[in-house]
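Before I ask anything, here is the structure I am working with.
Computed from the coordinates by the stated procedures, all read-outs in this text should not be read as laboratory data. No experiment lies behind these values; they were computed from the predicted model shown. All Cβ positions, even for glycine, are placed from backbone atoms using ideal geometry, and neighbour counts span all protein chains on display.
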Amino acid sequence: MKITPLELCPKPPLAGLASGIFPYLGGSVGADQLRSVVMAYESVIVSGRRGAKLAAEIPGVLIDPAAYAPQTKTEPEPLFDYDEWLMRQRAAGVPLIITDTPRIMNNDISELQKALARWDTIDEPTLVVLALEAWWLREGLPRLIEEVRSAGRPVALALLHRYNGLDISRAVAGLLEFIAAVKPLPVVLLRSDISAIGAVAHQAFAGFVGWSANSRHGPLPMRRPQGDDERDESPSVLVPALNDYLKTSKLSVFARIRRREVLRCDDRVCRGDSLLRIADLYETDLRNGQILACLHNLASTEQLARRVLTAADPRDAWWEACNAGAQTIASLAESGVSLPTHRWLRQWLELGSPSHDCQPVG
């Protein structure tokens, strides 16, 4: 999924990783599937101990320790005294070390500083993970900028939220302000959705987009509403016409209202077919339906990234993609289908771009 040449982020470059958009697969992927994804997209992140075992077998795979549980103040801090994850990554021969930072609680400057100092004496290229909530892109932004500048190290933001950290008011603007303020330090987004493309269009160094809902956001535990015994477990798929994700269980509505064009997909997995193909397969074969949904998400993300990041001005191209999605969502209301324009998408539109004024979204 690497987009080359991509000269959006000034030096210093981040050794061991090119600039662009790449897959984040989590730790549940199988070895054969991982090999095929690495061949297709060059750089891939897996997570956790199972991911580390796979990375040891497949060259070039990066490992996110994903140790996001907060440290308690009453217990010792083994995470910062015992280098298990450093040794695991060295043993796997990864091209880039990713730190094992736990969740940084809001306004905890000490933990932020400790995270930024993690493994700062090793010789290998290292990416410092900052696992934090959107508070740091709002009230905590000045101090976050100050500490990252002071540390002078490349950082990866893992925005913790029960769904999408960029849904929080002013989070997108805060993210872009952070990227601009710490330049030339590379900023990477981990466990992101397609907003990573927008971030790279605005001079983030790279983004890792999850191939499923579980690897795109969080991770914070979801609260299941009382009486929610019929939770929709169908996979989410990126619908290019909407510039957003929908559950496959919801796709048949477009056939009923005769708006099948919304589901047409031209990525290299779908090849002009309808996304209903994924929904139909999932109904009869859960596992292969989920895998097909994931592969479609990777291919469709790649297609969008290439269109945006190779444009004359990627910021304009990203805004236009967001606006096209919002316009399609609005047009569906005329056919009796009401879909939300999610807050993260509204924020990108309201920010505008060099050629587009900020646009209030109703």
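Find out how many positive minus negative residues lie around Glu320, taking Lys and Arg as positive, Asp and Glu as negative, among other residues whose Cβ is under 14 Å from that of Glu320. Please list the in-between numbers first.
Working: positive: Arg307, Arg315; negative: Asp313, Asp316, Asp357.
It works out to a net charge of -1.
Taking springs between alpha-carbon atoms closer than 10 angstrom, which of Lys250, Lys53, Lys183 fluctuates most in the Gaussian network model of the chain?
Lys250
Give me the Kirkwood hydrodynamic radius of the chain in Å, from all C-alpha pairs, to one decimal place?
On the way: mean 1/r = 0.0477 Å⁻¹.
Here the Kirkwood hydrodynamic radius works out to 21.0 Å.
While we're on this one: In whole angstrom, how far apart do the alpha carbon centroids of the stretch 236-312 and the stretch 172-210 sit?
Taking the Cα centre of each part, the stretch 236-312 and the stretch 172-210 sit 24 Å apart.
Please list the radius of gyration and Dmax for the stretch 246-350, considering alpha-carbon atoms only, with Å as the unit.
Rg then Dmax for the stretch 246-350, in Å: 14.8, 44.
Just to confirm a number: summing +1 for Lys and Arg and -1 for Asp and Glu over residues other than Leu160 whose beta-carbon lies under 12 angstrom from that of Leu160, what do you get? The partial results should precede the final answer.
On the way: positive: Arg103, Arg162, Arg191; negative: Glu133.
Combined, the nearby Lys, Arg, Asp and Glu give +2.
In a GNM of the chain with a 10 Å cut-off on Cα contacts, which of Ser47, Ser212, Ser249 has the highest mean-square fluctuation?
Fluctuation is largest for Ser249.
Mean separation of Cα pairs under 8 Å and 6+ residues apart, divided by the residue count of the stretch 20-215: what relative contact order is that in percent? Walk me through the numbers before you get to the answer.
Working: 353 pairs, mean separation 39.9, N = 196.
Relative contact order, the stretch 20-215: 20 percent.
Only bridges whose two residues both fall in the chain count here: according to DSSP, what percent of them are antiparallel, nearest 5? Each step should come with its number before you reach the end.
Numbers: 7 of 33 bridges.
Bridges in the chain are about 20 percent antiparallel.
I've got another one for you. So what is the relative contact order for the stretch 236-351, in percent, with contacts set as C-alpha pairs under 8 Å and at least six apart? If you can, show how the numbers build up before the last one.
Values: 120 pairs, mean separation 28.4, N = 116.
Answer for the stretch 236-351 is 24 percent.
Also: What list do you get for Thr284, Thr341 if you sort them by fewest beta carbons within 10 Å?
Details: Thr284 8, Thr341 18.
Arranged by neighbour count, lowest to highest, Thr284, Thr341 become Thr284, Thr341.
Can you give the direction-averaged projected area of the convex hull of the alpha-carbon atoms in the stretch 20-215, in nm²? Don't skip to the answer; put the middle values down first.
On the way: hull surface 41.5 nm².
Mean projected area of the Cα convex hull: 10.4 nm².
Who wins for biggest fluctuation among Arg306, Arg50, Arg258 in a Gaussian network model of the chain, springs between alpha carbons below 10 Å?
It is Arg258.
Right, next: Taking the Cα centre of the chain as the origin, how large is its charge dipole in debye, to the nearest 20, when only Lys and Arg (+1) and Asp and Glu (-1) carry charge on their Cβ atoms?
Values: 40 positive and 43 negative charges, 89 e Å.
Dipole of the chain, to the nearest 20 debye: 420 debye.
Per DSSP H run of at least 4 residues, take -39500 (n - 2.57); add these up for the chain, divide by its residues and hand me the 222 nm value, nearest 500 deg cm²/dmol. Please report the intermediate quantities before stating the final value.
On the way: 12 runs with 135 residues, N = 362.
It comes out at -11500 deg cm²/dmol, rounded to the nearest 500.
Also, quick follow-up: Counting Lys and Arg as +1 and Asp and Glu as -1, what is the net charge of the other residues whose Cβ lies under 14 Å from the Cβ of Leu54?
Values: positive: Arg35, Arg49, Arg50, Lys53, Arg88; negative: Asp32, Glu57, Asp64.
Residues close to Leu54 contribute a combined charge of +2.
Next question. Between Gly140, Ile104, Ser36, whose Cα lies farthest towards the positive end of the dipole of the stretch 20-215 when Lys and Arg beta carbons carry +1 and Asp and Glu beta carbons carry -1, centred on the Cα centre?
Ser36
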